[in-house]
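*Asks:* Input: one structure, supplied below.
All of the numbers you see were taken from the coordinates with simple rules; none came from a lab. What you are looking at is a predicted structure, and each value in this text was computed from that prediction instead of being measured. Using ideal geometry, Cβ is built from the backbone for each residue, glycine included, and neighbour counts are taken over all protein chains shown.
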Amino acid sequence: MHYDITGRTRLHAPLTGIGLAAALLGELMLADRITMRAAPGGTRLEPVQEPSSEESEGAGTSGRDPLARVVLAHIVAEPSHTVRTWLRFLARTARADVASRMTADGLLRPHRGLLGSRHLPVDTNQAAWPVGRLNIAVRRREPLGARDRVLLGLLNATGVARLVLWERNTTYLAGAVEGLAPRLQELLAQTEAAVGDAVISRR
Amino acid sequence: MSLTEQRTGAVTAALAEDRLGVPSVVFFVISAAAPLTVVAGVVSTAYAVTGVVGVPLAFVLLGAILAVFAVGYVTMARHVVNAGAFYAYTARGLGRPAGVATAWVALLAYNAVQVGLYGVIASAATPLLTDWFGVTPDWWAVALAAWLLTGALGLMRVDVNGKVLAVLLLAEIAVVVVFDLAGLAHPAASGYSPEAFAPSSLLVPGMGAVIAVCVAAFAGFESSVVFSEETKDPRRTVPIATYIALAVISGLYAISSWTVTVAVGSDKVVEASRAQGPGLIFELAGRHLGTTAATVGSVLFVTSILAAMIAFHNTISRYIFALGRERVLPSIFGRTSPPTGAPVSGSVAQSVTGLVVIVIYAVSGLDPLVHLFFTVGSFGGFGVLLLLAGTSVAVLFFFTREPGLENAWRTRIAPGLASVLLLIVLGLALVNFDTVLGVEPGSPLRWILPAVYLAAIVFGVAWGLTLRATRPRVYANIGLGAQAAIGGDK
């Protein structure tokens, strides 16, 4: 949930998809389920073998979250794809997937309006909290945890940071990103590249 | 469809669903070329300003030269990832400083073609406005309205979307074909004279000028390779789409420009074009088919120009955006607008350029059709020639350095032939540059404008070398576009 970019009406739908896709991969990396491997033709994603469990596929062992499990199952099944391909693939459905997960967790409720259905936060304070927390931390120059640093990096990579952050301190941002594991830094760079490609694309 | 409903093994299949086939790519490519804008605007102006009757032959020759050029060009697209633009090719083939120089030339040339269109929109729209509303606005008022629309759509990232574009394009082509048939059914006294295709009508002093003018009409065909990564089968889709687009464009232009000589008489075509300008083919259509047909054609002429303006505007803003992402331009140009995903700074920069040019022309009272559409448009056409020649040489160098990737025809013979032909055309255009621009032979503009490109090249190479010395990480990313964020060889 922490990675849900306030998106929806504030960020262009394809870019929201890329941001959320990156967030899903970021969750798996933070949980040590997947890692990056440099390969000819582009960086690949690789599942991390869990020493404790012998049975493969990782079903049941990848945490309780069904969405994370599905994403992981895809990566286990087709490890030959580049990060770029994964972002494009996950971006197609990320918004709907994350919305249903948040609905299932009781964070969002579906809302049927005249202009089609939307999702509204159950508790607006709770929904505003992650970005609010980031803003306070940025202002006070407080060190952030890894999850929040990834969130900050994603807000920046998708360009939405300019809308939701009160102040944009490049030194602080660079410091926050540099403190991350290399694979998470690579994920942020890949996200920025995917966003750039989406902007340049003519479709 | 939710992710959870997909079975494993579906990644490639799912991504393949929204990939493009040959027809889509052909549509994208031809739409940037805006057929009716060329047939009504460029053809009549080319006859009028150069006084050369061989315009149809020029289109055929250019189509052939570009087809030879395309052989190496689409082959290189298979080996250079993120083949976004000409400068990605020259950066790889001729070195990164040459890439920066190409980028500057491309920005100049595309901007010139785009801004040139502001000079023709009034002559397309004013007759309609007068007919319908009885108003006759100044040309710059019409240009500013078009400018506002283009700028606003650019900021909202409204690419004239696929379906609208397809309908407009088919309507344009239908109008051109119907007008052609009507013209052929009503030949003038000189009959079906093949004179316009005779080498002797092109091998005259204004030849280089005609070619430079006509090449601007092809601008946009190079965008086919941009779709490489989004097509079903890049190895086949992109080349086939490129050749089809070239054949359709050059065939349509050659036949239409010949039809004008049939309908008016090849001896009178220059005179008639001078007298009536872009209105010529609509006047002919009105005579042959009635006023309704002429009005439909005139309306589509306006939408065609607008579509071309928007297409070039978006091409330029993406170019600027890509350079901003690479940090070759300041990073502010690499920014997007979060709500629309538009390359904002690039779009604004292009709009500012357009506004400045319109204001300068309006204030100094220059003729929009001759001095803006033709002179600036041809200046852009010359730049496109430079880009084509440079890219062709780059393809040759690239495959010389990395031999064995493809057969000799694709990597050496065709690119070599295309380079020689394009350099000859470039030389001819330079010799005739006064006619290219439609200025007096003694005019200093004749030398100043080519010098502008020279300056762009020198400045580009210098900037590339500066980056190498001072910011090697930026230098390493030249030509990578958005992928600069992750570096090239990861």
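*Asks:* Taking θ = phi - 60°, what integer Hz values does the Karplus form 6.51 cos²θ - 1.76 cosθ + 1.60 yield along segment A:124-140, in sequence order, with x for Gly and Pro?
*Replies:* Result, ordered by residue: 5, 5, 5, 5, 7, 5, x, 5, x, 4, 4, 4, 5, 5, 4, 5, 8 Hz.
*Asks:* Using Cα-only point scatterers and the Debye equation, what is log10 of I(q)/I(0) for segment B:323-422 at each q in 0.18, 0.19 Å⁻¹, rounded to two decimals?
*Replies:* -0.94, -0.95
*Asks:* So how tilted is helix B:280-289 from the main axis of chain B? Cα-based, degrees 0 to 90, rounded to 10.
*Replies:* Rounded to the nearest ten degrees, it is 60.
*Asks:* Turning to a different aspect of this structure: Within 10 Å of each Cβ in peptide B:243-256, how many partner chain Cβ atoms are there on average? Round it to a whole number, please.
*Replies:* Mean shielding by partner chains, rounded to a whole number: 0.
*Asks:* Going by alpha carbons, how many degrees (0 to 90, nearest 10) lie between the helix axis of B:445-470 and the longest principal axis of chain B?
*Replies:* Approximately 10 degrees, to the nearest ten.
*Asks:* Note down the net charge around B:Phe398, summing +1 for each Lys or Arg and -1 for each Asp or Glu among other residues with Cβ under 12 Å from its Cβ.
*Replies:* Every neighbour counted, the sum reads +3.
*Asks:* Semi-axes of the equivalent ellipsoid of the protein assembly as shown: what are they in whole Å, largest first, if each equals the square root of 5 times a C-alpha gyration tensor eigenvalue?
*Replies:* Three semi-axes, in Å: 50, 27, 24.
*Asks:* Which whole-number percentage describes the relative contact order of chain A, with Cα contacts under 8 Å and a sequence gap of 6 or more?
*Replies:* 25
*Asks:* How far is the Cα center of segment B:239-272 from the Cα center of segment B:419-481, in Å?
*Replies:* 29
*Asks:* Which whole-number percentage describes the relative contact order of segment A:100-203, with Cα contacts under 8 Å and a sequence gap of 6 or more?
*Replies:* Taking the mean separation of contacting Cα pairs over the length of segment A:100-203, I get 20 percent.
*Asks:* How well do other chains shield peptide B:332-345, expressed as the mean number of their Cβ atoms within 10 Å of each residue Cβ?
*Replies:* 5
*Asks:* Also: Amide H neighbours of A:Ile34 under 5 Å, at least 5 residues apart or on other chains, H built in the peptide plane: list them.
*Replies:* Correct list: A:Met29, A:Val48.
*Asks:* Turning to a different aspect of this structure: Could you work out the helix-only [θ] at 222 nm for chain B, with each DSSP H run of four or more residues adding -39,500 (n - 2.57) and the total divided by the number of residues, to the nearest 500 deg cm²/dmol?
*Replies:* Result for chain B: -22500 deg cm²/dmol, rounded to the nearest 500.
*Asks:* Something else: Please name which of B:Ser392, B:Trp139, B:Pro278 has its Cα lying farthest along the dipole of the protein assembly as shown towards the positive end, using unit charges on Cβ (Lys, Arg +1; Asp, Glu -1) and the Cα centre as origin.
*Replies:* B:Ser392
*Asks:* Shifting gears a bit: Can you tell me the equivalent ellipsoid semi-axes for segment B:19-486? Use √(5λ) from the Cα gyration tensor, largest first, whole Å.
*Replies:* Here the semi-axes work out to 34, 25, 22 Å.
*Asks:* I would also like to ask the following. Taking the Cα centre of chain B as origin and charging only Cβ (+1 Lys, Arg; -1 Asp, Glu), how large is the dipole, in debye to the nearest 20?
*Replies:* 1540
*Asks:* Kindly rank B:241-250, B:54-63, B:206-215, B:470-479 from highest to lowest mean number of other beta carbons found within 10 Å of each residue.
*Replies:* Packing proxy ranking, top to bottom: B:206-215, B:54-63, B:241-250, B:470-479.
*Asks:* While we're here: Taking other Cβ within 10 Å of each residue's Cβ, how do B:His79, A:His111 sort, fewest first?
*Replies:* Fewest-to-most Cβ neighbours within 10 Å comes out as A:His111, B:His79.
*Asks:* Would you be so kind as to identify which of A:Ala94, B:Leu148, A:Asn156 lies farthest towards the positive end of the dipole of the protein assembly as shown, taking Lys and Arg as +1 and Asp and Glu as -1 on Cβ and the Cα centre as origin?
*Replies:* Of the candidates, A:Asn156 comes out farthest on the positive side.
*Asks:* Something else now. Give me a single rounded figure for B:477-486: the average over its residues of other chain Cβ atoms within 10 Å of their Cβ.
*Replies:* Rounded to a whole number, the mean comes out at 5.
*Asks:* Still on this model: Non-local amide H neighbours of A:Leu108 (under 5 Å, H modeled in plane, Pro and chain starts lacking H): which ones?
*Replies:* Those qualifying (amide H under 5 Å, at least 5 residues apart or on another chain) are A:Thr103, A:Val122.
*Asks:* Let me ask something else about it. Which three extents, in whole angstrom, do the alpha-carbon atoms of segment B:125-225 cover along their principal axes, largest first?
*Replies:* Principal axes ranked by extent give 49, 43, 30 Å for the Cα atoms.
*Asks:* Continuing with this model, one more query. Which value, to two decimals, describes the C-alpha radius of gyration of segment B:67-175 once divided by 2.2 N^0.38 Å?
*Replies:* In units of the globular-protein estimate, segment B:67-175 measures up at 1.47.
*Asks:* Could you tell me how many degrees, from 0 to 90 and to the nearest 10, lie between the Cα long axis of helix B:375-401 and the main elongation axis, the longest principal axis, of the Cα atoms of chain B?
*Replies:* Helix B:375-401 sits roughly 40 degrees off the main axis of chain B.
*Asks:* Near the amide H of A:His119, under 5 Å away, which other amide H atoms are found, from residues 5 or more places off or on another chain, if H is placed in the peptide plane?
*Replies:* Sorted by chain and number, the residues that satisfy this are A:His111.
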